[in-house]
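In what follows, a single structure is set out as structure tokens and then discussed.
The values are calculated or read from the model by the stated rules, or taken from the named source; none is laboratory data. The structure displayed is predicted, hence computed values, not measured ones. A quick note on method: Cβ atoms are made from the backbone with ideal geometry, for glycine too, and the neighbour counts reach across all protein chains shown.
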Amino acid sequence: MLTEVECKNATCPADKARARFSDAGGLYLEVSPGGSRRWFWKYYFNGKEKRLSIGAYPTIKLKDARFDRDDARKLLSKGTDPGQQRKLDKAEKRLSAGNTFEKVSREFLSVKIKEWSAEHSTKWIRLQESNLFPWIGSLPLTEITAPLLLETLRRVEARGKNETAHSLRQYAGQVFRYGIATGRCTHDPSGALRGALQAVMVKHMAAVLEPKQAGELLRAIDAYHGHPATREALILSALLFQRPGNIRQMEWAWVDLDAAMLTIPAASMKRTKQGKINGRPHLVPLAPQAIQSVKRMKVLTGTGRYVFPSLLTGEKPMSDNTVNTALRRMGYSNSEMTAHGFRAMARTILGEHLETDPEVIEAQLAHGKSGPLGSAYDRTTYMAQRRQMMKEWADYLDKIRKGADVIALRA
């Protein structure tokens, strides 16, 4: 049997291709003329002589080489070829390296990116890059358990990002289900975390919801002394109650004053990628008061692309914070009124005080139909009712702006 000193001093004569120094049980140290030393184990499987490479000396000491030889002998005693098993183990490791959470996640994104919006795709991968990949990204899907995933999401909760934690659980579930479909794993640990995360406390956008306060807001808008375009953006936000992005990004090409109609292209609406490509444009009837506001803007910006261009350059639309900043200057805090709050104001007052058909209001708000088949089969536009509603809404705003008695338009 060899000793550690013998292994250290072993050399190969210059006239030989290699020299072998036997230990015991088929283990030997092979030395090349250049001085490299490697451990091998000679064994027989199905009557054929084979050898198994154990590693280089002195990285693997004599004692460790004997342990590896003994492990290989145990496999052989069970009828398994140690050399073939090593090949299988290496193949499995290569496969696992391609089945890490991060790689499968990015592969899944490459499949879905054609149907997801650019905004959702960016958010989907960005949140994982910041919160999941650093902790579980390098692990094979099969090694990620529910407790490990929960521990990762707890780090997000600890920063007060409960909603983000819930989104990440959902994203992880998509990755695992894709992994199951493609044979990378057999279990989705995210499903076991339902109810384990802290609840998300929904905070609604601040909005003025009572007619009296709405009248005060409208009078404050009338008295606004900022830029005229900002004032008109506030007025149209109240009259049209569309999403703030659709107001500030409004283009002159969308406006038809003769038809009293604003046509927002499907691609500019808050929809899925499929809805943006194949959906219908959103129509917004313009009451006479809205037409007057648009005409005032025509004088200011009618030669450009946008109704509300950036104050710095006409090549871009108004900043997404302009209307909110104007509300702050008017004395409304972020907890009292926001640009998005004009939608809630209209939805609440139209429904509770003007007794407008909720279906008509929802159609004008461009809210999708509930249920998986709602938008596919219910294509009612309520255009005649919406034209009437928008006129009644504009007239009602005039009344409460003047401080008139607040009464319902319908008995």
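Out of Glu210, Glu232, which single residue is buried (at least 17 other Cβ atoms within 10 Å of the Cβ) and acidic (Asp, Glu)? I'd like the intermediate steps shown before the answer.
Numbers: Glu210 fails: buried (at least 17 other Cβ atoms within 10 Å of the Cβ).
Just a single option satisfies the conditions, and that option is Glu232.
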Only one of these is buried (at least 16 other Cβ atoms within 10 Å of the Cβ) and free of Cβ contacts under 8 Å to residues at least 12 places away in the same chain: Leu52, Leu27, Leu75, Leu62. Name it.
-> Leu75
Of the conditions (1) within 25 Å of Gly183 (Cα to Cα); (2) of a type outside the set (S, T, N, Q); (3) surrounded by 21 or more Cβ atoms within 10 Å (Cβ to Cβ), Val156 clears all except one; give me its number.
-> (1)
Has segment 174-193 got at least one residue that is touching a strand residue (DSSP E or B) at 6+ places or on another chain (Cβ under 7 Å) and of a type in the set (A, V, I, L, M)?
-> no
Checked segment 151-180 for anything under 23 Å from Leu109 (Cβ atoms) and touching a residue at least 40 places away in the same chain (Cβ under 8 Å); matches are Leu153, Ser167, Leu168, Tyr171, Ala172, Gln174, Val175, Tyr178, Gly179
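With the condition kept exactly as written, say whether any residue in segment 245-252 is outside the structural domain of Lys295 (by TED's automatic domain parsing), in contact with a Gly (Cβ under 8 Å, 6 or more places away or on another chain) and either free of Cβ contacts under 8 Å to residues at least 40 places away in the same chain or surrounded by fewer than 18 Cβ atoms within 10 Å (Cβ to Cβ) (or both).
no
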Name the residues in segment 223-249 that are within 18 Å of Gln292 (Cβ to Cβ) and of a type outside the set (A, V, I, L, M, F, W, C), would you?
-> Tyr224, Pro228, Thr230, Arg231, Glu232, Ser237, Gln242
Determine the pairs where a residue that is over 11 Å from Gly98 (Cα atoms), located within segment 128-141, has a partner that is in a loop (DSSP other than H, G, I, E, B) with Cβ atoms under 9 Å apart, the partner being 6 or more residues away or on another chain.
-> Gln128/Gly137; Glu129/Gly137; Asn131/Lys161; Ile136/Ile144
Mind listing whichever residues of segment 66-98 are at pLDDT below 75 and not aliphatic (A, V, I, L, M)?
-> Glu92, Lys93, Arg94, Ser96, Gly98
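Take the residues of segment 1-18 that are in contact with a strand residue (DSSP E or B) (Cβ under 9 Å, 6 or more places away or on another chain) and over 26 Å from Asp71 (Cβ atoms): which is surrounded by the most Cβ atoms within 10 Å (Cβ to Cβ)? Talk me through it step by step, then tell me what you get.
Taking segment 1-18 first, the residues in contact with a strand residue (DSSP E or B) (Cβ under 9 Å, 6 or more places away or on another chain) are 1-2, 6-8, 10-13, 18.
Narrowing the set further to residues that are over 26 Å from Asp71 (Cβ atoms) leaves 11-13.
Numbers: Thr11: 12, Cys12: 19, Pro13: 10.
By that ranking, first place goes to Cys12.
Matching residues to (1) among the basic types (Lys, Arg); (2) modelled with pLDDT of 90 or more; (3) assigned to a loop (DSSP other than H, G, I, E, B); (4) not assigned by TED's automatic domain parsing to the domain that holds Leu236:
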residue	(1), (2), (3), (4)
Ile361	no, yes, no, no
Gln364	no, yes, no, no
Ser370	no, no, yes, no
Ala376	no, no, no, no
Arg387	yes, yes, no, no
Glu392	no, yes, no, no
Leu397	no, yes, no, no
Arg410	yes, no, yes, yes
From the residues in segment 282-327 that are among the hydrophobic types (A, V, I, L, M, F, W, C), more than 22 Å from His225 (Cα to Cα) and under 37 Å from the mean Cα position of the chain (by Cα), which one is surrounded by the fewest Cβ atoms within 10 Å (Cβ to Cβ)?
-> Leu283
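Let me confirm something: among Ala253, Ala267, Ala260, Ala214, which residue is over 31 Å from the mean Cα position of the chain (by Cα) and under 25 Å from Ala118 (Cβ atoms)?
Just one listed residue meets the conditions, Ala253.
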Test for Val175: is it modelled with pLDDT of 95 or more and hydrophobic (A, V, I, L, M, F, W, C) = yes
